[in-house]
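What follows is calculated from the coordinates using simple rules that are stated; it is not laboratory data. Computed from a predicted model, the values in this text were never measured in an experiment. Glycine also receives a Cβ, built like all others from the backbone with ideal geometry; neighbour counts cover every protein chain displayed.
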Amino acid sequence: MSEQEGFSSGFFLGTLVGGVVGGVIGAVVASRQKQSNPANRLQNPEDNASQLGSEESIESARRSLEDKISQLNLAIDDVRQQLGGADANRNED
């Protein structure tokens, strides 16, 4: 029972720390984007609109996301195998 309580408290602490770190990183990135030469964005609003809505950019973003999801799934499977091996070793003892 002690291990489960330790896991729960560690999980919640990790969630809290991850949320704080993610929030700070998001705030820094957002502030840098606002500071990065807004004059260029105002000069050619039609170019920006065409870039944002083009099918090629949407397709490229979709492919990139699919690749990232595939990488995450592989990492999850790897961790499951590692944990499964550790769990099997513990049950043998």
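Structure data summary
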read-out: Sites Val28 and Asp67, calculated FRET efficiency, Cβ-Cβ separation with R0 35 Å, nearest 0.05; value: 0.85
read-out: Nitroxide proxy distance, nm - points 7 Å out along Cα→Cβ at Glu3 and Ile58; value: 4.9
